[in-house]
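J.: Starting off with a structure, shown below.
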Amino acid sequence: MSKPIVLVDGSNVAHSTEGDQAQLANILIVREKLSEEGFEPVVVVDAALRHQIDDRAGYEQLVDQGLLRQAPAGTDADYFILTFARELDARIVSNDRYRDRLKDFPDAADRLIRYMIVQNEVVLERRAGKRPNGQEKRSRQG
């Protein structure tokens, strides 16, 4: 049985920790976390990220290996992420809410898995949504 695909907004993830420099390590630990949880991560990045990333050689190696999918130069990776998610019926790991794309992709918000990275640990948001085994219940503490 194949693993469910999850699209990763790699540029969003790379920029998600403190500081100005995009970090390749962020992408690697999110990929690892998703794999551990039984998903097949597909990381899509903006072409501009290669000029912003802290580990250029490591980045280029991952592109060459096909582990990072780079959007064509001059295009918007968000469009490709949202289109692939729709075509593949996949979730998206990103803290971007894609508000500027909701007209064309009204289901984008339902596909999102938000996340945090703290001290090299990744926590993925757990919420009801597209789950293979039906709706997930959320408990309320009062």
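J.: For a label point 7 angstrom out from the Cα of ASP96 toward its Cβ, which stretches of segment 31-49 have the backbone nitrogen within less than 12 Å?
T.: Output list for this probe position: 44-49.
J.: Shifting gears a bit: When the helix-only estimate is applied to the chain (DSSP H runs of n ≥ 4, each -39,500 (n - 2.57), divided by the residue count), what is the mean residue ellipticity at 222 nm, nearest 500 deg cm²/dmol?
T.: Taken over the chain, the calculation gives -8500 deg cm²/dmol.
J.: So what are the ³J(HN,Hα) numbers for segment 111-123, from phi and the Karplus equation (6.51, -1.76, 1.60; θ = phi - 60°), rounded to whole Hz, Gly and Pro as x?
T.: 8, 6, 10, 7, 8, 9, 10, 9, 6, 6, 10, 10, 10
J.: Could you point to the residue in ALA90, GLN70, VAL30 farthest towards the positive end of the chain's charge dipole, with +1 and -1 charges on the Cβ of Lys/Arg and Asp/Glu respectively?
T.: ALA90
J.: While we're here: Using the C-alpha atoms of the chain, what convex hull volume per residue, in cubic angstrom, is computed?
T.: That works out to 142 Å³ per residue.
J.: What are the residues whose amide H is under 5 Å from the amide H of VAL8, where those residues sit 5 or more places off or on another chain and H is modelled from the backbone?
T.: Long-range HN contacts for VAL8: VAL42, VAL43, VAL44, VAL93.
J.: So, one more: Highest GNM mean-square fluctuation, the chain, Cα pairs closer than 10 Å: which of GLY38, GLY19, GLY58?
T.: GLY19
No value in this document is a laboratory result; all are computed from the given coordinates. Not measured: the values here are computed from a predicted model. Don't worry about glycine lacking a Cβ; one is built from the backbone with ideal geometry, like all the others, and counts go over all protein chains shown.
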